[in-house]
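The values are calculated or read from the model by the stated rules, or taken from the named source; none is laboratory data. The model shown is predicted, which means the values in this text are computed figures rather than measured ones. No Cβ is skipped: glycine too gets one built from the backbone with ideal geometry, and neighbour counts run over all protein chains shown.
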Amino acid sequence: MSEAGRNELTLEQVAEIVGQPGYRLRSWENLYPVFQAPIFRNGTRYYTAADLEKMQRIAGLLYEGGHKRHEIMRLLRKEGLVPPQHQTQVKPPLSELEPEGSTPSAQLGQPEKATSQVLEEQALEETANDAQVALRQQVEEAQKGRHLAEAQLQRLQTELSGALQLVGEENARLQGEVEALKSRKEAEADAPPHTNTSVENAAEDQQEALQAHIMRLEEDLAQARLRQEQSTAAQDRILTAAKEASERLRTELAQHKTRLQELENLPERLKVLEESRRRLQEQLASRHAESREEMAALTASLQERERLLLEKEEQLEALRREKQQLEEQKDILAESLRKSENASVEAAQLQERLQAESLARKTAEEEGARRAEALEMQLQQQQAAETTRAETEKGLKAEIDLLEQQLSHTEEQLTRLTMEKENSAQRALDLEKELQALIQRNQQVGQEAETRRAEWQARGDRLEAEAALLKQQLEESRQQHEQFVTEVQADLAHEKGQATQLKAELELARERHKTLEETAERAMSTCEGQAAELAGCRAELESLRQSLETAQQHQVQGEQMTDANARLREGVAALLVELKELRSLFLD
């Protein structure tokens, strides 16, 4: 044998050295791809020293180190026992393990999951092989016990047959002796008398010996019968035990055959479970995709609602600014009203001044009349004294001319003042009417502004309440959305955890499918409610737009009132200028 042949070992030799059964070594060879290319000669698999070292290391890691099966490959790779051609050997491709549409985190976790599933399947196959080997060992032990019982029964039957044969031979010999003694007695009875005594003595001795021998034979026969009875009882017991053992072995054999049948059907069941697992993975992937779509739709809906809420907040802020502007306009109108009241007071004061000036003009006219009368009296006195004072006639004529000039000038002033008085009285009446109309209009505008301020205040409060309600509804919707996302994620995590349980996975998936359908229905109803809320928001936005247009109209009216107030202030300023001119004229 060559050097290579001396270094090669069979499976039985490796199993004896490692201390593990051969089927387990074969399962390790299939489970851990760390061995060299298999060597076959004459239909026999041979292992090298390196393979033996790896087998011993795997056994040490599993049974001495207490490591799990899925940790062995990593430890062997760390120790450098993995050949280079297996260093980059990857697990099954992600496209086979991960359904289309899975998340990156799920794709990263799929190889480990596939490896754990392969390890579980290998462990299940190894358990089935262990059970099959144990069953075969039990069958072999039962067969060995049955063979031993049959050999013991055969031995007892042989001993019993030998004992019975000996007893039969002894009986035949005794019967021959008895027949010989009978014939001898008959011969002695026919012999001469002188020999009878000795013959009788000899016969008696022989008879006594024969009787003793017969007694011994009877005792031996009784003992043989006792042994035969004991052997028969023992044989019965052995046969009963053998029958019970055989029946028990038949029952166990039937059970083991059933179990072997189940184990033989295990690959089919594993195929069915694998197909079920694949279908469940596809369903799970589809549910993942649907959940992502629902989450995307809910996220888009939430973003749309947030955008609408921001628009409403901007509109509410614009309405607040308009409300503030209206309040400022109200303050301006109040100030205008106050100024109008002040103008009314000033107009009343001007009216009083006009009345005083009228009295002053009347007093001046009376004084002018008195002066004219005095001048006439002086003229009469001068005419009367003209005859007496001829020397001063020229001077008096000059004085008279001067007085006439002064009188004519005074009459002109009196005429102008009378006309101005009439004009002032008419203007004062017109101003008083305009002032009354302006006061009434200011009062009406103040009432309207107060009413509109109350309306805007109520509308602002209502809009703030509606905005708060919308914020609360948005927060509740966001919480519901987060709760729904959390529930979906928890359900998906629960499904992933339960995916390893093959038999219970189908029922759990069905229940989860129903739960997800109910959740989807709730999400659809929530979306419909959100759509209704959006319609309500649009209606509210339309009403707010109409309110804004109304406010703009009110603002235009306020600007018109402001222009009227400005014109009124200009009229009052013109009146004040005219009054100043009148005052300056009177002073002149």
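When you check Glu98 against the structure, is it at pLDDT below 80 and among the acidic types (Asp, Glu), yes or no? Considered against the rule, which asks whether it is at pLDDT below 80 and among the acidic types (Asp, Glu), Glu98 comes out as yes. Taking the numbered list (1) more than 60 Å from the chain's Cα centre (by Cα); (2) surrounded by fewer than 12 Cβ atoms within 10 Å (Cβ to Cβ); (3) at pLDDT 70 or above in turn, Gln165 passes all entries but (3). Of everything in the range 296-311 that's free of Cβ contacts under 8 Å to residues at least 24 places away in the same chain and among the small types (Gly, Ala, Ser), which residue is nearest to Leu470 (Cα to Cα)? The selected residue is Ala300. Taking each residue of the range 314-336 that is in contact (Cβ under 8 Å) with a residue 12 or more places away in the chain and looking for partners that are of a type in the set (Val, Ile, Thr) with beta-carbon atoms closer than 9 Å, six or more apart or interchain, yields Gln329/Thr562; Ile332/Thr562; Leu333/Val445; Leu333/Thr562; Ser336/Val445; Ser336/Thr562. Only one entry in Glu317, Glu346, Glu335 is assigned to a helix (DSSP H, G or I) and crowded, with 16+ Cβ neighbours inside 10 Å, namely Glu346.
Here Ser358 fulfils each of the conditions (1) closer than 30 Å to Glu411 by Cα; (2) loosely packed, with under 13 Cβ neighbours inside 10 Å apart from (2). The residues of the range 361-398 that are among the acidic types (Asp, Glu), part of a helix (DSSP H, G or I) and at pLDDT 70 or above, listed by number, are Glu365, Glu366, Glu367, Glu373, Glu376.
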